[in-house]
1. Label Glu28 and Ser91 with points 7 Å out from Cα along Cα→Cβ: what is the distance between them in nm?
2. Step through the table entries Lys43/Lys298; Lys12/Lys224; Lys23/Lys69; Lys172/Lys234, compare each Cα-Cα distance with 18 Å, and write down the pairs that go over it.
3. Work out the FRET efficiency for Gln66 and Glu296 from their Cβ-Cβ distance, taking R0 = 25 Å, and round it to the nearest 0.05.
4. Tally Lys/Arg at +1 and Asp/Glu at -1 over every other residue whose Cβ is under 15 Å from the Cβ of Ile169; what's the total?
5. Any chance you could check the Cα centroid distance between the range 261-292 and the range 148-219 for me, in angstrom?
6. Please give the calculated 222 nm ellipticity per residue for the chain, where each DSSP H segment of at least 4 residues contributes -39500 (n - 2.57) and the sum is spread over every residue; nearest 500 deg cm²/dmol?
7. Among Gly141, Gly45, Gly258, which one shows the biggest mean-square fluctuation in a GNM of the chain, springs joining Cα atoms closer than 10 Å?
8. Over the chain, what is the relative contact order in percent, taking alpha-carbon pairs closer than 8 angstrom and at least six residues apart?
Amino acid sequence: MNKSVNTQETIKSGVLDGAKTAKEIREELSLKVEKLLAQGKRKPGLAVILVGDNSASHIYVKNKVQACKKVGIESHLCQFDENVEAEKILSKINELNQSDSIDGILVQLPLPSHLSASTDMILHAVSPEKDVDGLHPYNMGLLLSGKPGLRPCTPSGIMVLLERYKIEIAGKKAVVIGRSNLVGKPIALMLMEKNATVTMCHSRSHNLDEIARQADILVVAAGKQELVKGSWVKAGAVVIDVGIHHLKLDNGESRILGDVNYQEAAQVASYITPVPGGVGPMTVTMLLSNTLLSYEKKVV
Ligand code: GUN
């Protein structure tokens, strides 16, 4: 039988339903905010800095703003045009750092190419207490040394998803494909913190498929559409797909694919995250959770 046939009958894995889990957590966060407001506290506030015309970034930011509204977090969208100078963004961050009504500041990435060299400077300008993306070196340092703090949203969301589905981590072999600061490096640290044996792979790794096949937990954040085939997945493995690729089909329809060939991998995995509806909604939820964490430190 052709294993890539797209029918529900051929899918064998359990789905790690990020959309459902995110909804549950957002309801918990919403209740928390409601209680704080009933005590006369101010609303938590999140500032989102969006630079330029990247259409994917605009969609992500819109989702973040909507999610804030649903749980009672006040969002402040700070938009800059494509050609803005770094100084203007830095000056805005300075203002937000000092604002008493702002608990979290997020700079949506990627920044336009003329700001590539300034990305670190911009991220490092965010006050560590308001760094809800967990990308400031201070917060990265806390994560590296196993201390609590603000941690990057996507890997945090993956860990919560694994926890809620009671996936065993201790002693398991985890393979992470992708070494970004946003996902690959932090998820490797978080899995190690939970006593997994972690292997990191990246674009220069040899025999990627062989390494992937050893994983009990396979996290794919490579940014390459359907890089991971079904034959790369060990029977019974847990597969986390962080990729998101928007595809325009010839007939005008569009599709969203991940870094993993879902139809193939779902034949062999014990659990797998769908795309969309897996890691994405968890990322946004952890942003809300981090904003509340930072708020509670100041206000509660
Ligand atoms: N672009 C894609 N994912 C993210 C994220 O988690 N945070 C930020 N700031 N930008 C992103």
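What follows is calculated from the coordinates using simple rules that are stated; it is not laboratory data. Keep in mind the model is a prediction, meaning the values are calculated, not measured. We place every Cβ from the backbone using ideal geometry, glycine too, and count neighbours over all the protein chains shown.
1. So the two model labels end up 4.3 nm from each other.
2. Lys12/Lys224
3. On the way: r = 23 Å, r/R0 = 0.90.
The calculated FRET efficiency here is 0.65.
4. Values: positive: Arg164, Lys166, Lys172, Lys173, Lys194; negative: Glu163, Glu168, Glu193, Asp216.
The answer is +1.
5. For the range 261-292 versus the range 148-219, the Cα centre distance is 13 Å.
6. Working: 10 runs with 118 residues, N = 300.
Value at 222 nm, helices only: -12000 deg cm²/dmol.
7. Comparing Gly141, Gly45, Gly258 in the GNM, the peak value goes to Gly141.
8. Contact order relative to length: 22 percent.
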